[in-house]
Amino acid sequence: MPKNYMIGNWKMNQTSEEITSFFSDLKLENNQNNFWIAPQTLHIDKCLALASTTGVLIGSQNCSDQDHGAFTGEVSTDTLMEMGAHFTLVGHSERRAYFQESDAFINSKVAKAIEKGLVPVLCVGETLEEREADKTFDIVLGQVKSGLDSIELNNEAELIVAYEPVWAIGTGKTASPEQAEEVHSKVRDLLVELYGETGKDISILYGGSVKPNNVKELLEKTNINGGLVGGASIKAESFSELCAACSL
Ligand code: PEP
């Protein structure tokens, strides 16, 4: 059975003071190391210190595909590991759209993260135009295939996939549970094709305007194994509610 996760993507938000309040207001029950947060890189250290008593694991929103060297502004996987980060998002649609990250580049980041011991959360999803042109499956499955090209796994805990329809991110428009499950089940089939039994246990998260009031019905679907959440992960109260729903 895939494990259920709730992952908060704070993007370029949260002041240092807001982070302190977040962790002091957070109320988590039944934490199985499955509640994760990706703050801004500069706040990872602070979050690691504050999260240590909560069991929340901390990760990065991005990482470099290179070990070290002249790559100004990049985020090194070795340094993330040294700090105590647990995971990294890879290929978020905002990185694909605003920073022109290609499938091949994303694939090399997935490989680097796994090589160094970080769990990559591979983000995939179609735009509205692609959905309207009936290309959803081609795009999403193509992104999963390319992102995982030549990636070998020893177990299901080394990778998470997040399906995030671009039209649902930060727009308040959530995919219906049925729309999401339709895509998740195709992603599941592909993961089984690529990784056999291990593919059955890889968690596939849904992202795109997940909120406390719609999370339960999404999580009821067989192949939706948690959420990757932007807006609703920023406040301790709503993130706590999302985590509670994830534990049911
Ligand atoms: C995201 O950024 O991954 C996301 C899903 O954002 P939101 O929950 O705000 O739509």
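Summary of values
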read-out: Cβ-Cβ under 8 Å pairs, at least 6 apart or on other chains, the range 77-100 side assigned to a helix (DSSP H, G or I), far side of a type in the set (Asp, Glu); value: Thr77/Asp67; Thr77/Glu115; Asp78/Asp67; Met83/Asp45; Ser93/Glu164; Arg95/Glu101
read-out: Gly55 vs. criteria outside any strand (DSSP E or B) and either within 16 Å of the ligand (Cβ to nearest atom) or at pLDDT below 95 (or both); value: yes
read-out: Residue that is most open to solvent (accessible area, probe 1.4 Å) [pool: residues in the range 192-248 that are among the β-branched types (Val, Ile, Thr) and within 11 Å of the ligand (Cβ to nearest atom)]; value: Ile234
read-out: Of all residues making up the range 108-134, the number that are open to solvent by 30 Å² or more (accessible area, probe 1.4 Å) and within 27 Å of Gln179 (Cα to Cα); value: 8
read-out: Matching residues in the range 2-16 - criterion: being polar (S, T, N, Q) and away from the ligand (no atom under 11 Å from the Cβ); value: Asn4, Gln14, Thr15, Ser16
read-out: Conditions (1) among the basic types (Lys, Arg); (2) closer than 16 Å to Ala97 by Cβ; (3) within 17 Å of the chain's Cα centre (by Cα); number of the one not met by Arg188; value: (2)
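The values are calculated or read from the model by the stated rules, or taken from the named source; none is laboratory data. Since this is a predicted model, take the numbers as computed values, not measurements. Cβ: placed from backbone, ideal geometry, glycine included. Neighbour counts: every protein chain shown. Just the protein is used for accessible areas: all its heavy atoms, side chains included, with ligands, DNA and RNA removed. Shrake-Rupley method; radii C 1.70, N 1.55, O 1.52, S 1.80 Å.
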